[in-house]
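For reference, the structure discussed in these notes is given below.
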Amino acid sequence: ALPISGSGKMKHRILLITDFAIYVVDPDCDALKRRIALAAVEKLSLSELGDNFFAIIIPTEYDILMASTRKAEIVNALVEATKSASDYELDVLHSNR
């Protein structure tokens, strides 16, 4: 996955999804860049265009904007992980904003 920084630059990252959290890892230096508890994720916002962009909305922290050719698989994994961890269905919105 490619997170987009505040300056608009894309950086390669490994996205790990477990039953309890999302981990964002920098493959260049094998460093954990961010851990997001699944319980903190409010919703996912997907681009309606064929640009592979999606945002993970986290009200208690800052949101994360990413792009991946495997967007559908990532979204399905996040929805399933949230469902199995808390019986809560993650909202998935389609928007170009």
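Odds and ends about this structure:
- Listed residue pairs exceeding 18 Å between alpha carbons, taken from LYS33/LYS71; LYS11/LYS83; LYS33/LYS83; LYS11/LYS33: LYS33/LYS71; LYS11/LYS83; LYS33/LYS83
- Of the trypsin sites (Lys or Arg not before Pro) found in the range 3-54, those in coil by DSSP whose Cβ has at most 11 other Cβ atoms within 10 Å are LYS9.
- In the chain, the C-alpha radius of gyration followed by the widest Cα-Cα span (Dmax) gives 12.7, 37 angstrom.
- The range 42-77: chymotrypsin sites (Phe, Trp or Tyr not before Pro) falling in loop per DSSP and having at most 12 other Cβ within 10 Å: TYR62
- 5 Å binning of all Cα-Cα separations within the range 46-89, expressed as whole percents from 0 upward: 5, 21, 23, 25, 19, 6, 1
- Applying 1/(1 + (r/R0)^6) with r as the Cβ-Cβ distance of ASP51 and SER84 and R0 = 22 angstrom yields a FRET efficiency of 0.15.
- Where only DSSP H runs of four or more residues are counted, the chain gives -5500 deg cm²/dmol as its mean residue ellipticity at 222 nm, each run worth -39500 (n - 2.57).
- Rough spin-label spacing in nm, given labels placed 7 Å along Cα→Cβ, for MET10 and VAL25: 2.2
Where a number appears in this text, it was derived from the coordinates with a stated rule and is not lab data. None of the values given here were measured: they were computed from a predicted structure. Note: ideal-geometry Cβ built from the backbone for every residue, glycine included; neighbour counts use all protein chains shown.
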